[in-house]
Amino acid sequence: MPTAVALNLARERGLDLIEVAAKTEPPVCKIGDFGKFLYQKEKQNRGHKPHKVEIKGIRLSFNIAKHDLEMKANQAKKFLEKGDRVRIALILRGREKAFAHLAKEKLEEFKTFFKIAINIDQPITKEPRGFYMIISKGK
């Protein structure tokens with residue numbers, strides 16, 4: 001219908017002419033309360049925030065017990081299920097740095113505690129204070 005006719009019809013009803021799709025040819029409009037339309041759009045946009053992927057950190061020590069390692073793996077699993085990535089750091093202090101091969105084995109053992117599929121985004125890497133790796137949830 002022509003724009004002038006639609007505007008007259010909207011005024012008679014005490015409502016507004018709201019443009020829904022401006023990029024189409026001809027533009028699509030509807031008759032309604034503009035304030036209500038804005039409220040519904042705002043309400044619709046408020047509920048659809050995407051989850052922002054973060055890198056969560058788990059710190060392990062060289063002398064960590066097996067049960068504590070399982071507990072840390074369960075915490076990392078919770079982070080992975082939310083969709084976050086996890087940075088697992090094994091901190092070496094003092095003379096522990098002489099046993100780097102055992103620290104790598106400890107991180108390899110940590111990976112075995114996951115019952116879900118994981119992707120290794122960054123393999124075990126040496127840093128001045130120890131080792132770290134970054135994992136994410138597998139497909």
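The values are calculated or read from the model by the stated rules, or taken from the named source; none is laboratory data. Fair warning: this is a prediction, and the values are worked out from it, not measured in the lab. With ideal geometry, Cβ positions are generated from the backbone for all residues, glycine too; neighbour counts draw on all protein chains shown.
Of (1) surrounded by 11 or more Cβ atoms within 10 Å (Cβ to Cβ); (2) not β-branched (Val, Ile, Thr); (3) not in a strand (DSSP E or B), Met133 satisfies all except one. Which?
Single failed check for Met133: (3).
Being in the same structural domain as Phe62 (by TED's automatic domain parsing), farther than 17 Å from Gln75 by Cα and in a strand (DSSP E or B), is that true of even one residue in region 97-110?
No.
Can you name the residue in region 109-130 that is charged (D, E, K, R) and closer than 22 Å to Asp68 by Cα and, of all such residues, is surrounded by the fewest Cβ atoms within 10 Å (Cβ to Cβ)?
Applying the filter and picking the extreme gives Lys115.
For region 1-88, which fully contained helices (runs of 4 or more DSSP H) count at least 3 residues that are outside the structural domain of Gln122 (by TED's automatic domain parsing)?
Once the helices (runs of 4 or more DSSP H) in region 1-88 are filtered for at least 3 residues that are outside the structural domain of Gln122 (by TED's automatic domain parsing), what remains is 3-13, 34-46.
Does Ile55 satisfy the criteria of being crowded, with 17+ Cβ neighbours inside 10 Å, within 21 Å of the chain's Cα centre (by Cα) and either touching a residue at least 24 places away in the same chain (Cβ under 8 Å) or on the phi > 0 side of the Ramachandran plot (or both)?
no
Would you mind telling me which numbered condition in (1) acidic (Asp, Glu); (2) outside any strand (DSSP E or B); (3) outside the structural domain of Leu9 (by TED's automatic domain parsing) Asp121 fails?
Failed condition: (2).
So, in region 58-83, of the ones that are of a type outside the set (Gly, Ala, Ser), in contact (Cβ under 8 Å) with a residue 40 or more places away in the chain and within 19 Å of Gly138 (Cβ to Cβ), which residue ends up surrounded by the fewest Cβ atoms within 10 Å (Cβ to Cβ)?
So, considering only residues that are of a type outside the set (Gly, Ala, Ser), in contact (Cβ under 8 Å) with a residue 40 or more places away in the chain and within 19 Å of Gly138 (Cβ to Cβ), the one surrounded by the fewest Cβ atoms within 10 Å (Cβ to Cβ) is Glu81.
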